[in-house]
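The next block holds one structure in the form of structure tokens; read it before the comments.
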């Protein structure tokens with residue numbers, strides 16, 4: 001009886017999540033694996049109470065920073081046009097690529113803004129969900 005390799009299962013699940021699939025089925029010989037992927041709802045944070053004396057309409061609010069995260073496990077490679085801190089990105093821009101098991105996966109920006117920090121270098125290993133860049137919005 002053939003066994004399904006754990007790395008194959010993990011890779012299939014990564015691809016399914018990236019492709020926004022809801023189900024995965026693998027079959028190797030007599031061995032079968034299936035999974036249903038449920039999307040986690042983002043937890044809603046309670047709004048912080050606003051103290052009228054802490055923020056006036058004349059004060060500027062500092063921009064917030066959000067991460068761009070790795071869509072899979074692998075080796076990070078910079079984009080064709082290497083990005084630097086201070087560069088502007090739009091939603092959907094390719095900011096890098098991850099190579100794993102001979103397959104490349106683009107890292108797309110999920111937000112528009114200005115890159116404030118690049119957290120990984122070309123050739124660094126990355127984990128699924130690891131922040132690779134910070135973007136000021």
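The values are calculated or read from the model by the stated rules, or taken from the named source; none is laboratory data. Because the structure is a prediction, the values reported are computed rather than measured. Here Cβ is always computed from backbone atoms with ideal geometry, including for glycine, and neighbour counts include all displayed protein chains.
Selection over the range 9-35 of residues that are farther than 24 Å from residue 98 by Cβ and assigned to a loop (DSSP other than H, G, I, E, B) gives a count of 2. Among residues belonging to the range 98-112 that are surrounded by 18 or more Cβ atoms within 10 Å (Cβ to Cβ) and out of contact with any helix residue (DSSP H, G or I) (no Cβ under 9 Å at 6 or more places or on another chain), point out the one that is nearest to residue 20 (Cα to Cα). Going through the qualifying residues, I end up with 107. For residue 37, the criteria (1) in contact with a helix residue (DSSP H, G or I) (Cβ under 7 Å, 6 or more places away or on another chain); (2) closer than 26 Å to residue 116 by Cβ; (3) at pLDDT below 80 hold in every case but one, which is (2).
A quick yes/no check of all residues on (1) surrounded by 14 or more Cβ atoms within 10 Å (Cβ to Cβ); (2) on the phi < 0 side of the Ramachandran plot; (3) in the same structural domain as residue 77 (by TED's automatic domain parsing):
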| position | (1), (2), (3) |
| --- | --- |
| 89 | yes, yes, yes |
| 114 | yes, yes, yes |
| 123 | no, no, yes |
| 127 | no, yes, yes |
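May I ask you to verify whether residue 70 is at pLDDT 60 or above, more than 27 Å from residue 90 (Cα to Cα) and surrounded by 12 or more Cβ atoms within 10 Å (Cβ to Cβ)? When the stated conditions are applied, residue 70 does not pass them. From the list 84, 75, the lone residue that is within 19 Å of residue 111 (Cβ to Cβ) and either modelled with pLDDT of 80 or more or out of contact with any strand residue (DSSP E or B) (no Cβ under 8 Å at 6 or more places or on another chain) (or both) is 84. Of the residues in the range 72-82, none is in a strand (DSSP E or B) and more than 15 Å from the chain's Cα centre (by Cα).
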